Amino acid sequence: MREEPMLTEYGVPIDPQSMVAPVEATELELEPGHPGLGDDGYVARRRQLFALCRHHRLERLGPPIVEYTAEETRIWREVSPKLDELHVKHASQTYLEAKRELAITQTEIPQLRHLSTRVERETNMHLVPAEGALPYRIFYEYIGQRGFPVTQFIRHGSHPEFTPEPDMIHDCLGHVPPLMNHDYAELLTLIGKAASTATHGEHVLALKRFSWFSIEFGLIDEHGETKVFGSGILSSTGEIPYSLFSTDVKREPFVTETVITTDYDPSRMQDHLFIAPSLPFLRRELEALVQRFGL
Ligand SMILES: [Fe+2]
């Protein structure tokens, strides 16, 4: 297998040192080219939420109740109806039912604290407030302990349909609803446990690819129709139709051996996707893989 840079779930390169001693950012860092750079009000708000969420995460206080600003609510009200229209047509039933069950609306930004309580009641998963992307090990350790790290900030208003980093729209509309499904919850927890304990580079890479092509960019078969369940697709108005209908996308059945040896490029629209027959199938496949790796 050829060497490739390790990436966090969001495509941020992993410093090899962080595999040994994870390095956390202690202050807000916006990457070059971020649409919010130069907007002092936005940067100040992001700093405030960074400090608040980091404190709540480190002290294990659960997601803070956040009073969202008029601008943040405006962005939510602009993006979420467009996504919802696409979800109704193209998202998996599991996702749609969970979104309804969680009462996620297009008018108000949900409080992660409330979503966490509801998810915990259903599948014993909970939400961990995250100030931003976390180092790989830390991210998967939380998941292995049934906590899903979620951000509580919103993208910059100048580009409501684009974010260079995972924000609340990605996390809340992409990752949170599937946590209500039992097979999904067990699959995720197992990925977390395995990925945070694996030391062999090849095993880590296989688990990351399995996760990428299922949790993040998975398609699923529902009664002969291909539907979306990957959160990276579900949180992008461009990627939903592209994933299902573009002739530039190669779609093939989810075969674990193929998936764990397939590269991906997180910096662009995904042109190679896998269609899983069901969530229980993915759970069984991962259980077998983890056993094979001796994890
Ligand atoms: Fe994600």
When every residue in the stretch 224-244 that is in a loop (DSSP other than H, G, I, E, B) and closer than 19 Å to residue 184 by Cβ is compared, the one farthest from the ligand (Cβ to nearest atom) is 229
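Can you tell me which residue is surrounded by the fewest Cβ atoms within 10 Å (Cβ to Cβ) among those in the stretch 174-195 that are within 12 Å of the ligand (Cβ to nearest atom) and farther than 17 Å from residue 138 by Cβ? Don't jump to the end; show me each part of the working.
Restricting attention to the stretch 174-195, the residues satisfying the condition of being within 12 Å of the ligand (Cβ to nearest atom) are 174-176, 178, 188.
When the remaining residues are screened for being farther than 17 Å from residue 138 by Cβ, the result is 174, 176, 178.
On the way: 174: 23, 176: 25, 178: 29.
This residue is 174.
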Per the list (1) under 21 Å from residue 138 (Cβ atoms); (2) in a helix (DSSP H, G or I); (3) open to solvent by 80 Å² or more (accessible area, probe 1.4 Å), residue check on residue 60 breaks on (2)
When (1) of a type in the set (D, E, K, R); (2) open to solvent by less than 40 Å² (accessible area, probe 1.4 Å); (3) modelled with pLDDT of 95 or more are applied to residue 225, the one that fails is (2)
Per the filter on the stretch 250-273, residues in contact with a helix residue (DSSP H, G or I) (Cβ under 7 Å, 6 or more places away or on another chain) and part of a helix (DSSP H, G or I) are 256, 259
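Look at residue 247 and say whether it is assigned to a helix (DSSP H, G or I) and more than 16 Å from the ligand (Cβ to nearest atom). Give the steps one after another, and end with the answer.
Details: assigned to a helix (DSSP H, G or I): no; more than 16 Å from the ligand (Cβ to nearest atom): yes.
Spelling it out, it is not the case that residue 247 is assigned to a helix (DSSP H, G or I) and more than 16 Å from the ligand (Cβ to nearest atom).
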Scanning the stretch 258-287 for residues that are in contact with a Gly (Cβ under 7 Å, 6 or more places away or on another chain), modelled with pLDDT of 95 or more and exposed (fewer than 15 other Cβ atoms within 10 Å of the Cβ) gives none
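Conditions tested, residue by residue: (1) basic (Lys, Arg); (2) more than 16 Å from the ligand (Cβ to nearest atom).
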{"residue": "137", "(1), (2)": "yes, yes"}
{"residue": "140", "(1), (2)": "no, no"}
{"residue": "145", "(1), (2)": "no, yes"}
{"residue": "148", "(1), (2)": "no, no"}
{"residue": "197", "(1), (2)": "no, yes"}
{"residue": "200", "(1), (2)": "no, yes"}
{"residue": "218", "(1), (2)": "no, no"}
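Residue check: is residue 104 part of a helix (DSSP H, G or I) and either of a type in the set (A, V, I, L, M) or over 12 Å from the mean Cα position of the chain (by Cα) (or both)? So that I can check it myself, show each step before the final result.
On the way: part of a helix (DSSP H, G or I): no; either of a type in the set (A, V, I, L, M) or over 12 Å from the mean Cα position of the chain (by Cα) (or both): yes.
Answer is no for this residue.
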Scanning the stretch 72-125 for residues that are more than 15 Å from residue 169 (Cα to Cα) and among the basic types (Lys, Arg), the one least open to solvent (accessible area, probe 1.4 Å) turns out to be 118
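Just to be sure, is residue 165 under 19 Å from residue 106 (Cα atoms), of a type in the set (Asp, Glu), assigned to a loop (DSSP other than H, G, I, E, B) and in contact with a Gly (Cβ under 8 Å, 6 or more places away or on another chain)? First the steps, then the outcome.
Details: under 19 Å from residue 106 (Cα atoms): no; of a type in the set (Asp, Glu): yes; assigned to a loop (DSSP other than H, G, I, E, B): yes; in contact with a Gly (Cβ under 8 Å, 6 or more places away or on another chain): yes.
Criteria not met by residue 165.
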Over the stretch 34-50, the set of residues open to solvent by 60 Å² or more (accessible area, probe 1.4 Å) and touching an Asp or Glu at 6+ places or on another chain (Cβ under 9 Å) is 37, 47
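When the residues of the stretch 161-173 are narrowed to those that are within 14 Å of residue 76 (Cβ to Cβ) and out of contact with any Lys or Arg (no Cβ under 9 Å at 6 or more places or on another chain), which ends up surrounded by the fewest Cβ atoms within 10 Å (Cβ to Cβ)?
Here the residue is 171.
Which one is nearest to the ligand (Cβ to nearest atom), of the residues in the stretch 202-216 that are under 21 Å from residue 275 (Cα atoms) and either outside any helix (DSSP H, G or I) or of a type outside the set (A, V, I, L, M) (or both)? Please lay out each step first, then the result.
Narrowing the stretch 202-216 to residues under 21 Å from residue 275 (Cα atoms): 205-216.
Restricting the remaining residues to those that are either outside any helix (DSSP H, G or I) or of a type outside the set (A, V, I, L, M) (or both) gives 208-214, 216.
Values: 208: 12, 209: 15, 210: 14, 211: 9, 212: 9, 213: 13, 214: 12, 216: 5 Å.
Among residues in the stretch 202-216 that are under 21 Å from residue 275 (Cα atoms) and either outside any helix (DSSP H, G or I) or of a type outside the set (A, V, I, L, M) (or both), the one nearest to the ligand (Cβ to nearest atom) is 216.
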The correct count of residues that are closer than 25 Å to residue 82 by Cβ and out of contact with any strand residue (DSSP E or B) (no Cβ under 6 Å at 6 or more places or on another chain) in the stretch 133-151 is 1
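The values are calculated or read from the model by the stated rules, or taken from the named source; none is laboratory data. The shown structure was predicted, so the numbers you read here are calculated from the model rather than taken from an experiment. In this analysis, Cβ positions are derived from the backbone assuming ideal geometry, glycine residues included, and neighbour counts consider all displayed protein chains. The protein model used for the area step is the full one, side chains on, heavy atoms only, and it has no ligands, DNA or RNA in it. Shrake-Rupley method; radii C 1.70, N 1.55, O 1.52, S 1.80 Å.
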